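These notes concern the structure reproduced below.
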Amino acid sequence: MPDSTLTNSRIVAAYREKTPGSGKFAERARSVFPSGLTHDSRQLDPYCLYVDRAQGSRKWDVDGNEYVDYFGGHGALMMGHNYPDIVEAVDKQVHSGTHYGSGHELEIRWGELVKKLIPSAEKVRFTGSGTESNLMAFRLARAFTGRNKIVRFLGHFHGWQDHVAFGVGNHFDGTPTPGVLSGIAENIILAPSDDIAETTRILESGDDIAAVILEPTGSGFGQVPVTAEFVTELRKVTEAQGILLIFDEVVAGFRASKGGAQQVFGLKPDLTSLAKILAGGLPGGAVCGRADILDLLDFEVTAAKGLEKIGHQGTFNANPMSAAAGVTMLNIVDTTDATAKAIATAQKLRKEINAVFKDEGVPWAAYGQFSEIHFFTNAVGMEIDPTTFDLFAMKHSDFKADKTVTTRFRLGLMINGMDLNGKLACKVSAVHTDQDVADSADSVRKSVHMLKAEGVL
Ligand SMILES: Cc1ncc(COP(=O)(O)O)c(C=O)c1O
């Protein structure tokens with residue numbers, strides 16, 4: 001929904017002035033794509049950026065403006081853009097064949113690396129995306145338990161397929177969004193991720209729950225965090241009830257730690273969904289976990305047990321191009337400090353930004369865990385000190401945002417050379433530098449000045 005309060009905004013005028021080429025492409029795109037977009041998350045008033053090229057931690061739009069890039073390929077780019085080893089592996093592969101329609105060694109090496117890095121991965125199945133990984137996890141869970149219902153948490157994002165299309169940004173009452181069968185919605189139960197007592201009550205309330213899925217560090221990779229105690233308790237209750245626990249580590253995998261959030265918590269989910277970093281910046285996903293569950297995809301095991309095998313196809317599953325990038329990426333995760341470096345740089349950036357907020361007298365905070373940064377823009381009007389902000393002291397309802405302010409803040413950051421996603425989330429990579437941190441803190445200061453001049457801060 002376009003924001004009518006932006007019509008006379010000086011920030012919007014400055015954005016238009018700086019990005020006329022993007023404006024022209026956006027006009028052209030509108031006659032081809034709904035809203036001119038190819039992904040809902042790229043929606044931006046007045047229009048999204050059109051990018052010409054990228055390198056390392058930076059990207060350049062079609063007007064030649066340079067940005068420190070924290071969109072990070074929607075979280076897929078742990079090594080930034082065009083990392084030499086990944087470029088070399090993909091280049092070599094494109095000359096050796098992009099699709100054999102056969103098994104190939106790279107897919108085995110890729111799967112072996114997943115098994116090595118992710119603590120609960122006894123068996124692996126590659127898919128085309130994170131959405132597909134979660135879809136397969138649900139199917140496996142239902143087939144394995146013989147039960148129907150899936151419990152999800154309000155606000156947790158798991159892709160765009162029918163089971164997960166509501167209760168994320170709207171339809172918090174569990175009713176289906178247009179196009180989703182009511183029969184699917186009836187088999188999904190939405191639970192509050194800040195209330196373990198209520199969640200336990202739900203899990204103990206019936207005998208038809210196959211699985212619980214969550215983003216283990218909280219919705220939006222911890223934009224609204226969950227506590228380690230919550231996840232630990234969830235593991236205990238699910239185990240007691242014979243309910244499978246699915247960690248959606250599409251973002252957290254290889255980012256929260258080499259072994260994902262499960263390694264941080266010291267917990268083993270039954271199934272884990274992966275994508276993004278997994279495929280080194282190319283398309284790809286995987287579901288991994290307990291062998292006795294993944295074996296429902298196995299021709300011989302199911303035949304021997306007299307079970308009906310689960311079907312699974314997918315033209316681009318483990319395709320050689322994604323496998324080449326993925327193997328290179330996971331080797332980097334395995335043998336270098338890339339994950340830790342991204343986490344350390346994010347910590348520096350949060351500190352620098354909070355120093356700016358404090359200095360400017362702005363009651364906001366940069367927060368987040370691991371290599372992620374979120375902005376607390378204080379729509380609830382609390383008194384806070386940005387430098388001592390404690391995200392775990394907040395109630396979930398405190399994290400709401402006022403879009404008229406956040407859109408302006410984001411545009412201000414973009415005008416001043418910093419790109420991030422529409423939820424004001426920054427993915428920090430292992431190739432972001434101290435210079436990027438300094439430049440980004442400066443972008444935040446200049447954007448704050450623009451908001452003050454516009455009278456919204
Ligand atoms: C936690 C989480 N799960 C699943 C998905 C869906 O992954 P994909 O976009 O690869 O389908 C995403 C994508 O952003 C995600 O953040």
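What to note about this one:
- For the stretch 271-320, the spread of Cα coordinates along the three principal axes comes to 40, 22, 13 Å, biggest extent given first.
- When the GluC sites (Glu not before Pro) in the stretch 313-416 are filtered for DSSP coil states and for at most 10 other beta-carbon atoms within 10 Å of their beta-carbon, the remaining sites are Glu383.
- Taking each residue as 0.36 nm, the span from Arg109 to Ala393 lengthens on full extension beyond its C-alpha to C-alpha distance by 98.0 nm.
- Anisotropy class of the stretch 1-158 from Cα gyration tensor, a/c 1.5 cut: oblate
- Per DSSP, loop trypsin sites (Lys or Arg not before Pro) in the stretch 309-407 with at most 12 further Cβ within 10 Å: Lys395, Lys400
- With Cα atoms as the point set, the radius of gyration and Dmax of the stretch 356-448 evaluate to 12.9, 36 Å.
- MRE, 222 nm, helices only [DSSP H, n ≥ 4, -39500 (n - 2.57), over the chain, to nearest 500]: -12000 deg cm²/dmol
- Dipole-positive endmost among Thr145, Gln263, Phe230 within the stretch 84-335 (Cβ charges, Cα centre): Gln263
- This model, with +1 at the C-beta of Lys and Arg and -1 at the C-beta of Asp and Glu, gives the stretch 418-457 a dipole about its Cα centre of some 200 debye.
- Convex hull of alpha carbon positions in the chain: directionally averaged projected area 21.9 nm².
- The stretch 405-427 and the stretch 267-340: distance between their alpha carbon centers, rounded to Å: 33
- The stretch 84-335 shape via C-alpha gyration tensor axes, a/c threshold 1.5: prolate
- Three principal axis extents of the stretch 8-47 based on alpha-carbon atoms, in descending order, are 28, 19, 14 Å.
All of the numbers you see were taken from the coordinates with simple rules; none came from a lab. Please read these numbers as outputs of a predicted model, since none were measured by experiment. Note that we place each Cβ from the backbone using ideal geometry, even for glycine, and neighbour counts take in every protein chain shown.
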